[in-house]
Structure formats: structure tokens, C-alpha cells
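> The structure's right below; bear with me while I get my questions together.
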Amino acid sequence: IVLYIFAYLSDKMKMRSPFILAGLLMCAFGFAINISNVTHGVKYFGTFFVVAGSYSAFPGVVAWLGNNLAGQYKRGIGMALHIGIGNFSGAFACNIYRGQDAPRYILGHGMELMFVGIGFICLPIAVLSYIRINNKRDALKKAREEGGELNEFTAAELRRLGDRAPDFRYTL
């Protein structure tokens, strides 16, 4: 249900990052509950937050990457790398959730919290970088229009420039 709500709203708002942030917050909340010394019922509650946060944020991350890579080859390679490296997390998870750490799995939950923390650092950096680049391109476009300059690039050149084209805007 959370996935459908996030997908619908992110398409409606044409923004991915707020929903990725919401997913990260849900994951952090869930892993914080699961790493704590509470009853199994409370940990089960925390697991719902982890699952809802991770499953609802991942499609947004893939869509965000696809939105922000222009050119079919760059987009294809970028998304293949992203999904391939992401699938490697299964091999990683079986090594951080060790049987000897049962029942609290402090190492596994702690490392997951670390990865969520990295997301909390990388997400605003990416958003601020995209905002800065979009603002520069908007200012350049405005200066050209005020100076009476026409578009100096052909459609083929703009397509070849991809996400470096002056009319390309990053999705936030």
C-alpha cells in the first residue's frame, strides 16, 4: 500500500527525493526498533517499517536514476549497474546477519542503520547538486533569452549531449 501511495504521489508531484527520504526514515525507525532490547511483538512492528520503507523507496530510486540519466545507452548502463549492485546486497546480508548474533542481530541491524545513514547523507547532496545545476541552466537560459540569442544547438546535438544539454533538467 505504501509503495502505491509513494508511486502515485511521486508521479503526481514529479519529485522522487521526498519519497526516498520518507522510505529512509521508515527504515531507520524500523531498524532502530529491531536493534533495541524490546519484545518480539515490538520487533515485528519494527520489521513492518523496514519492509514498507525499503520496498517503497527502491522503485523511487530506480525511477529517479532513470529520470536523471539522459541518452539510452547511459541510462541503460546506469540502471543495469544500479540494479546489479543492489542485488548484490543479498549476498552481503547473509554475511552481516550471522546466526551467532541471534536473537538481536546487533551487527546486522547496526550495519543496516549505517547504510540508511549513508542514504541520509547522499540524498541531500544529490538533491542540492541537482538544484544547483538546474538553477545554473535556468540562469543561462534566461540570459540567452534576454540577450536575444537563439538556441545554438541542433536537436541532434542536444540529444548527443544528453544530461549535459543546457535544456536538460534534473528531477528532484
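The values are calculated or read from the model by the stated rules, or taken from the named source; none is laboratory data. As the structure is a computational prediction, the values presented were derived from the model and not from experiment. Glycine gets a Cβ as well: all are built from the backbone with ideal geometry, and neighbour counts include every protein chain shown. Note: accessible area is taken over every heavy atom of the protein model, side chains too, but ligands, DNA and RNA are not part of it. Shrake-Rupley method; radii C 1.70, N 1.55, O 1.52, S 1.80 Å.
> What FRET efficiency do you get for ILE131 and GLN100 if R0 is 35 Å and r is their Cβ-Cβ distance, rounded to the nearest 0.05?
0.15
> Compute, for region 1-135, the length of the dipole vector about the Cα centre, with Cβ point charges of +1 (Lys, Arg) and -1 (Asp, Glu) only. Units Debye, rounded to 20.
Magnitude of the dipole: close to 280 debye.
> While we're here: At a 10 angstrom cut-off on C-beta neighbours, averaged per residue, how do the peptides 56-64, 36-44 rank from highest to lowest?
Put in order of decreasing packing, that is 56-64, 36-44.
> Got a number for carbon plus sulfur as a percent of region 1-68's accessible area, 1.4 Å probe?
78 percent
> In addition: Within the set of other residues whose C-beta is less than 15 Å from the C-beta of TYR73, count the net charge using Lys and Arg as +1 and Asp and Glu as -1.
+4
> Something else: Rank by packing, highest mean first: peptides 152-160, 26-34, with packing defined as the count of other Cβ atoms within 10 Å averaged across residues.
Result, highest mean first: 26-34, 152-160.
> Then there's this: Roll a 1.4 Å probe over the protein chains and send me the accessible area per residue for the chain in Å².
Result: 64 Å² per residue.
> Considering the values [x] 35, 17, 14; [y] 24, 22, 14; [z] 40, 17, 13, which represents semi-axes √(5λ) of the Cα gyration tensor in Å as calculated for the structure under consideration?
This structure yields the entry labelled [z].
> So how much slack lies between PHE120 and LYS12, counting 0.36 nm per residue of separation and subtracting their Cα-Cα distance, in nm?
36.5 nm
> Right, next: State to the nearest 20 debye the size of the charge dipole of region 71-161 about its Cα centre, where the only charges are +1 on K and R beta carbons and -1 on D and E beta carbons.
Approximately 100 debye in magnitude.
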